[in-house]
Amino acid sequence: MLGVLFVGLRGIHALAEQPEESAIFTDRVVVVGVTGRAELTQTDRAVLGAHLGDAQAGTMSIRPRYVGDCAAAGWTTLGAGRRAAVGGLCTPEVQGGKVTDWSARQAAAAARRGDAQLGTLTGSVKGCVAAVGPGAALAAAKSDGTVASYQSPQQFVTGGMQTACPITIVDAGPLSDQIITELANRKDTTLITTGVGPNAGSDDPSLQVVYRLGTTLPGWLTSASTRREGIVTLTDLTRTLIEFGGPTSSTPVDGSPFAVYDTGLTVERIDAKIRSVAALSDAAPIGYLALGLAGAVLFMIMVIGVLRGKFGLPKLILTLGGVLAAAMMLTGAVPWQDSRSPGLFLSLLVAAWIVILTPLALLVGRRARVPAIIAAAGISVAAFTFDAALGAVMQPGSMLNSRPIFGLRWYGFGNVTFAAYASAGLLLAGYIAHRCLAAGRRGAALAAVGAVGFGIVICEGWPSMGSDFGGVIALTPAVLWLMLALSGVRMTWPKLLAIGGSAVLAVALISVLDWLRGPDRRTHLGNFVQRILDGDALDVISRKAVASAETIASIVGIGSLLIGVVLWIVIFVYVVPRISSDFSTARSALIATLIVAIVGTVLNDGGIFVWLTVTAQITVIMGWFFFDWAERNDWTLSALRAGHR
């Protein structure tokens, strides 16, 4: 029955509206880059209002290699087709048709294993690329720093804004509005206006306005890189320009060509879309703060209950904690970001989901005759699987997803989602195996673990679902280990090595299948295969390793690691022996989950947040079992102290 439901949900996903190609039909393209364009200006409103029938609009993720870097990093990213850093070189100069400090900029882009190759855009098209203004020269320069055709903004305006090359990139500064207004009325030119970075002296990472005029299909811009209506990236613009200019060969660019969701536009709708995308970044911290304050209050109530030897309320609070991840994910089912007070709406929404799911867990636990916390884990697994089957449609608005300003996880499941999904799934599978073994059905126990475990692996890794590279590597060996542990087979080093190899094989198979879909449809799984073929995969691996190490070495990381180790020791030494009759497979399930926590932390750029999420989830579930044991055995702190005396 569950299998039929899953197939039905995948069918619904297959029927979802798909974006269409956003082809360029003119012989000339002009990109006007502006700074600090987080909202529509009066010029933008006037231009878009006059071209609603042939405009495509949205927001541009300007993130270069480091969030909040200056606009020069955005221009460099546009020219390289990969996120670039400029090392503080924020005021480019052009003399004699060449960027003066080009070698220093190449060194800044290559620092700390950077893989951005300056001059990629110009070196990848058949025609020339002209630049107007110093910032544009960073995007239009060749690999040696020279520019095929360079003018100052004033020269460009004085000369009648004539374009010498098929592609012209403009950094007009104060003359931007004049140039945009004039070029918008030219029928022989496709105009793309976009923000490229924050204003001078600002580190604002907000997404910027982007729109394209001179199209045959109005609507919201998107791309295969983001899979989000109304959001594209600077590297997507690079790929779009390369496709227009006629690519000379396979180009190492991270972006995908612009696509469009066909719809009628108004200036008011464009305004609302920009505010909605901004709210995903700006309002989310309000929801986190509200959740943290409520959690602190509930924790104190739980502590008081434990000190008084009353465990009913602590168990209820931990049941609430068991559905928390599902509640945070399900916030994405409601477009809270479109409300007038998105922060307040989000806070109330996550509270509402908790109020709905907690009684549901209690009801399911009672009807199915399982512990309420296991019912909560089952509800969490069901919620994540439901979203995966639909194509991870709830992730963009989920409290578990990264905020758009960071430009990280645009689609699929992120590190925190994976950690919550995997830990709940392994404990659920372990408990089902416990019930099967208690009934003398070892084969059913192994089948249940395989079905739940590998079902989650598929949902995590499949490109049109979770699309999570690191999740497959971390979860596959954990599932296999749990199956072997429950089968009664003696563990040996060859078996452990085979388990590790199977994880690599699983992710390799999914990645190759994704790569075969072609460059315009691949996710980061298939793109990694292409990087291996291009010979620069080591840069990605090293950057992720550094990112993971930095999270572990931080104050939060060290604190989480120390507290987490203590919690795991307490759980294994003190809790597991006491609940073994109620959960005989707890030790094996916990070891499998610990494998996910350790491997996921080491192999994912989210690093310590995988460890933190898994540890928190396990502490909640094991805490519930311990309190349940204590309640049934009339356990109190005073009795414990008396026993020690």
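The values are calculated or read from the model by the stated rules, or taken from the named source; none is laboratory data. The structure displayed is predicted, hence computed values, not measured ones. Cβ: placed from backbone, ideal geometry, glycine included. Neighbour counts: every protein chain shown. Keep in mind that these areas ignore ligands, DNA and RNA; they rest on the heavy atoms of the full protein, side chains included. Shrake-Rupley method; radii C 1.70, N 1.55, O 1.52, S 1.80 Å.
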Using bins 10 angstrom wide from zero, how does P(r) for the range 485-597 break down, in % of all Cα pairs? 11, 24, 28, 26, 9, 1
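With 21 Å as the cut-off, how large is the P(r) tail for the range 385-521, expressed as percent of Cα-Cα pairs?
Considering the range 385-521, 47 percent of its Cα-Cα pairs are separated by more than 21 Å.
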Quick one: angle between helix 372-389 and the longest Cα principal axis of the chain, in degrees between 0 and 90, rounded to 10, please. 30
Working from Cα positions, state the angle (0 to 90°, nearest 10) between the long axis of helix 284-307 and the longest principal axis of the chain. 10
What do you get for the angle between helix 537-553 and the principal long axis of the chain? Use alpha-carbon atoms, 0 to 90 degrees, nearest ten. 50
Once ligands and nucleic acids are excluded and a 1.4 Å probe is used, how much of Trp75 is accessible, expressed in Å² to the nearest 10? 10
How big, in percent, is the set of alpha carbon pairs in the range 157-284 lying more than 22 Å apart? 44
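As a test of reading the structure, rank Ser143, Ser487 by solvent-accessible area (1.4 Å probe, protein chains only), most first.
On the way: Ser143 80, Ser487 35 Å².
Ranked list, largest accessible area first: Ser143, Ser487.
Over the chain, what percent of the accessible surface lies on carbon and sulfur atoms, probe 1.4 Å? Could you put the intermediate results ahead of the total?
On the way: 17160 of 26840 Å².
Carbon with sulfur: 64 percent of the solvent-accessible area.
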Largest first, please: the extent of the C-alpha atoms of the range 277-332 along each principal axis, to the nearest Å. 48, 18, 8
Shape descriptors of the range 84-177 over alpha-carbon atoms, Rg and Dmax in angstrom, are 13.3, 44
What percent of all Cα-Cα pairs in the chain falls in each 20 Å bin, counting up from 0? 18, 47, 27, 8, 0
Taking the convex hull of the alpha carbon atoms in the range 373-466, what volume per residue do you get, in Å³? 80
For a protection proxy built on the mean count of beta-carbon atoms within 10 angstrom, sort 19-31, 562-574, 170-182 highest first, please. 170-182, 19-31, 562-574
What Kirkwood hydrodynamic radius do you get for the range 344-410 when you take the inverse of the mean 1/r over all pairs of distinct Cα atoms, in Å? 13.5
How are the C-alpha pair distances of the range 90-132 spread across 10 Å bins, as whole percents from the shortest bin up? 23, 50, 27, 1
Ratio of the range 1-159's C-alpha Rg to 2.2 N^0.38 Å, to two decimals? 1.33
Which of Ala72, Leu475, Thr492, positive extreme of dipole for the chain (C-beta unit charges): Thr492
Peptides 579-591, 595-607 ordered by average Cβ neighbours within 10 Å, highest first: 595-607, 579-591
